[in-house]
Structures are given as structure tokens and as C-alpha cells.
Amino acid sequence: MHFIFKMDWIVFLSLVLVVNGFDPAQFTLSTIGTQFQPANQVELLATFSNTPTTVSCAMHCYYDSLCRTFDFDSKSQKCRLFEGSVDTGTLLSTSLLSSVVGWINIPPSTYDMYNAPSNQCVNNRFLVSDVSSGLCQCPIYTFWNGSMCLNQRYAGEVCENNNWCRTDLNISCIMSVCDGKKYL
């Protein structure tokens, strides 16, 4: 019976993927007793209460095209979604043995269509159609590093240009460092 339940979920997720149109996403889970701390609190996209399972939390993340990482506490049934990828935040050990972190695996081949004509990135959660250029580009709050789209950076982090920094938070690339100070 337990096997049938899991197969039902697999079938359900497959149908969701077909109907939703996004390419399938593979998630990795941390060890139990872990929570996610984003590089900046602005990366918290949403918090869901009464989320019954880790799979349900992963589905919330999958449906939000900005989501790259989630954490889930099965005791409180709280699911939090983050735009930051797991490598830009911190995995924290916690005394909550009911908490786990999940993140989307993004292989570099995901970005093979970067700078392709816009019709090549329809229903692609990792590249978006840029109206002005007519090309597939990185989504909001990410930048192109030459091989893939990475999360934009915060004050004190290395940069090559303003695209690498969170300019929406008044952070600019000054002398190869993202800087949040305002210069007159």
C-alpha cells in the first residue's frame, strides 16, 4: 500500500509537469535537522502553513519560477521558499529533527539556450524571453557569468559589472565589489 501511495505521487507529479509546461526539476534534500538561511532576507519568497509533506513543499517551490531552495518542518508543517540557491545561502544545523532543506539541481546544460531566440525558452523556468532583445536571458535577480545564471550578489561580494549586484537594493559594482553605499 505504501508503494502505491508513492507511485500515485509520481504519476501526479508527472501530470503536473505535463500540464504546467515546465521542464521537470530534480530536488536534492539535506540531512534532517537542517534549515536554510538566505544570503539576504529579501530572498524569502513565501511561507506556507499546513503543508503536510516535503513533497508538497517541493511542489510549492516548483510552481514558483523564482524558487531555487526551500526548507520544510514536518512538525509545524511550515514550508518556506527562497529565491537564493543553496550555494549562496547557509545550511544551518538545528535542534529541530523535523526540519529539512531542499534545492533544485541545475546542471550547466540547463543554460544551453542562453541568447537563443525567445521562442526557444518558452516554459523555461531558468531562462526568460527578453522582450527588448528577443533573446533568452537570465531571470530577474540573476546574472550571466559566462556559463550559467547565478543569483545576483550583495554588498561586499566580488563583481564584474552592475548586472552581478542587486541594483534593486541600491547595490552597485564599484571597483569589482558590490557596494551598497551611495556615492555623491
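The values are calculated or read from the model by the stated rules, or taken from the named source; none is laboratory data. These numbers come from a predicted model, not from an experiment. Virtual Cβ from ideal backbone geometry, glycine too; neighbours counted across all protein chains shown.
Do we have any residue at all in the range 72-88 that's among the aliphatic types (A, V, I, L, M) and farther than 16 Å from Ala25 by Cβ? Can you show your working first?
We begin by selecting, within the range 72-88, every residue among the aliphatic types (A, V, I, L, M); these are 81, 86.
Going one step further and asking which of them are farther than 16 Å from Ala25 by Cβ, we end up with none.
No: the range 72-88 contains no residue that is among the aliphatic types (A, V, I, L, M) and farther than 16 Å from Ala25 by Cβ.
Being more than 15 Å from the chain's Cα centre (by Cα) and either modelled with pLDDT of 95 or more or not charged (D, E, K, R) (or both) is true for just one of Leu66, Leu127, Leu96. Which residue is that?
Working: Leu66 fails: more than 15 Å from the chain's Cα centre (by Cα); Leu127 fails: more than 15 Å from the chain's Cα centre (by Cα).
Residue meeting the stated conditions: Leu96.
Residues of the range 101-129 being within 16 Å of Gln26 (Cα to Cα) and touching a helix residue (DSSP H, G or I) at 6+ places or on another chain (Cβ under 9 Å), which ones?
Those that are within 16 Å of Gln26 (Cα to Cα) and touching a helix residue (DSSP H, G or I) at 6+ places or on another chain (Cβ under 9 Å): Gly102, Trp103, Ile104, Asn124, Arg125, Phe126.
Regarding Val86, is this residue closer than 18 Å to Gln37 by Cβ and touching a residue at least 60 places away in the same chain (Cβ under 8 Å)?
On the way: closer than 18 Å to Gln37 by Cβ: yes; touching a residue at least 60 places away in the same chain (Cβ under 8 Å): no.
Here the answer is no, as Val86 does not meet what is asked.
Give Ser76, Ser93, Ser56, Ser98 a once-over and let me know the one that is over 24 Å from Leu150 (Cβ atoms), of a type in the set (Ser, Thr, Tyr) and touching a Ser or Thr at 6+ places or on another chain (Cβ under 6 Å).
Numbers: Ser76 fails: touching a Ser or Thr at 6+ places or on another chain (Cβ under 6 Å); Ser93 fails: touching a Ser or Thr at 6+ places or on another chain (Cβ under 6 Å); Ser56 fails: touching a Ser or Thr at 6+ places or on another chain (Cβ under 6 Å).
Result: Ser98 is the single residue among Ser76, Ser93, Ser56, Ser98 that is over 24 Å from Leu150 (Cβ atoms), of a type in the set (Ser, Thr, Tyr) and touching a Ser or Thr at 6+ places or on another chain (Cβ under 6 Å).
Exactly one of these conditions fails for Asn163: (1) closer than 27 Å to Tyr62 by Cβ; (2) in a strand (DSSP E or B). Give me its number.
Of everything listed in (1) closer than 27 Å to Tyr62 by Cβ; (2) in a strand (DSSP E or B), Asn163 misses just condition (2).
Which members of the range 91-121 meet the condition of being among the hydrophobic types (A, V, I, L, M, F, W, C) and in contact (Cβ under 8 Å) with a residue 40 or more places away in the chain? Can you show your working first?
So in the range 91-121, the residues among the hydrophobic types (A, V, I, L, M, F, W, C) come out as 91-92, 96-97, 100-101, 103-104, 106, 113, 116, 121.
The answer is Leu91, Leu92, Leu96, Leu97, Val100, Val101, Trp103, Ile104, Ile106.
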